[in-house]
1. Provide the solvent-accessible area of A:THR206, counting protein heavy atoms only and rolling a 1.4 Å probe, rounded to the nearest 10 Å².
2. Once each part is reduced to its C-alpha centroid, what is the distance from the range A:46-84 to the range A:187-204 in angstrom?
3. For A:GLU287, which sequence-distant residues (separation of 5 or more, or a different chain) have an amide H within less than 5 Å of its own amide H, given hydrogens modelled in the peptide plane?
4. As an exercise, take the mean of 1/r over every pair of distinct alpha carbons in the range A:208-303, invert it, and state the Kirkwood radius in angstroms.
5. How large, in percent, is the carbon and sulfur part of the accessible surface of chain A at a probe radius of 1.4 Å?
6. Cut-off 10 angstrom, C-alpha nodes, Gaussian network model of chain A. Which of A:ASP217, A:ASP406, A:ASP273 fluctuates the most?
7. Would you mind listing how long chain A runs along its three principal axes, going by Cα atoms, in whole Å with the largest first?
8. Skipping prolines and chain starts, which residues have an amide H placed within reach, meaning under 5 Å, of the one on A:ILE352, given they are 5 or more residues away or on another chain?
Amino acid sequence: MLDIKIVREKTQIVIEALKKRGSDASILDGLLRLEAKRRAQLAVVEELRQQRNVLSEEIGKLRKQGESPSALLENAKKISDEIALKEQSLRELETQTLQEILVLPNIPHESVPLGKDDTGNVEVRKRGRLPEFSFQPKAHWDIGEDLKILDFERAGKIAGARFCLYKGPGARLERSLINFMLDLHTGEAGYTEVFPPVLVNKDSMTGTGQLPKFEEDLFKIGNDERNLFLIPTAEVPVTNIFRGEILNEEELPVYYTAYTPCFRREAGSYGKDTKGLIRQHQFNKVELVKFVKPEDSYTELESLTLNAEEVLKRLGLPYRVVALCTGDLGFSSAKTYDIEVWFPSQERYREISSCSNFEDFQSRRADIRFKRKGKKGTEFVHTLNGSGLAIGRTLAAMLENFQQEDGSVIIPEVLRPYMKSEKIVKG
RNA sequence: GGAGAGGUGGCCGAGAGGUCGAAGGCAGCCGCCUGCUAAGCGGUUGUGGGGCUAACACCCCACCCAGGGUUCGAAUCCCUGCCUCUCCGCCA
């Protein structure tokens, strides 16, 4: 959420930001009008409340002196009734203003390249050698089915489309990747491992920006009055760990890493990646989340991205890093790097991690603040997160990049202690 | 699922319809005193919003888990929800 004061006082900046994102800046008009009304009404209500307070105090004093306050009572009653009335309309204005401001996207950082869609994204670096094959490389779903480690058909029977049943070395590989990534991040990189709830309430979803705008992407538990949602990413529960809290300056930065399953409706992506592990309703992910001081957030974004890249480096998977342009930037993000891994069967890079700095956009929504030593008041922390990495996509990329002509798949060195084997073979 | 207890400032803890943003203690900050460590003494220290400012100061409003209600007036009374604790039952 943007600061209403900024929208009010630095409207031009917000208009520019919306334009850069390709959004219609005229949506601000209604908000500004509402906000003006809201403040006027607030002044009215506060003025009345003051009058009431003065009268009430007077009444109290008279009572104490044993005199009758009946003359004042009538007036006080009248003012009280009026307050109730005006408060009603103030509440309505507040609700409307909040609704409008919650759907405004974040302001892109000045370093974000201009562009209107993903064609405007800028490649920042490229690492690893693309594999060369003396045969026609297969798609990961064919490799997985031939090795009998991925069973999409039976998953379809159990749950439906966009689910997968992992078996034998496939299931073990999934687990190995989770453990490898968590071990890596909790090592030198210094992240603390957390394992959060994967069902969360509405406030949490609003805190990180999934609600109110993107409800159709979420699975909702409908037969329970708590109205919980399945998380689409660990970002939600982990960022909300500190919702409504004030941290001490010395506690920052906080680095968390979490493995969780993730659940997405994938509404509106019919026909996209219908085969394979790329787009599933349920998938595993190891997430990186940081809470930092504002002045550090952009160096923290660089290091967080490097932490995610390290996984691919150690696995030996070729990848590139892309800076998303203003038109492709996510709703809550001020700046995002996508990490994309090479898929030989598709002869292209596909997103495997998205590392973002949200600045104070999420922390303002979620009310996560910190206090500087010796300074008055509080400030919002900056939050960041990135996948480190999406497990299913990593597994898919490994199958494709490390496939052999005989249909087997070589396990990279770093995973062998987890897999207890060097190779996945048929049978 | 059943029966109780409770949620107050950074922490502990009073309060019980009026002058309570909230006693007291601890912690923190400022100063004094003391030639050791320590102790002692005085003062001070919440958050958000609005107004006015170049800014500070200042003024006002709100906040004692959350949301409603009663009342001229609620931390205090009533209702609902959430959370925590104890006991019983059930359960991976």
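The values are calculated or read from the model by the stated rules, or taken from the named source; none is laboratory data. The structure displayed is predicted, hence computed values, not measured ones. For neighbour counting, all protein chains shown are included, and Cβ atoms are generated from backbone atoms with ideal geometry for every residue, glycine included. To get the accessible areas, we keep the full protein, side chains included, count just its heavy atoms, and leave off ligands, DNA and RNA. Shrake-Rupley method; radii C 1.70, N 1.55, O 1.52, S 1.80 Å.
1. The accessible area comes out at roughly 40 Å².
2. One Cα centre to the other: 51 Å.
3. A:ALA258, A:TYR259, A:THR260, A:GLY388
4. 15.7
5. Reported share for carbon and sulfur atoms: 49 percent.
6. Result for chain A, Cα springs under 10 Å: A:ASP406 fluctuates most.
7. Principal-axis extents of chain A (Cα, largest first): 100, 45, 44 Å.
8. The answer is A:ILE339, A:GLU340, A:VAL341.
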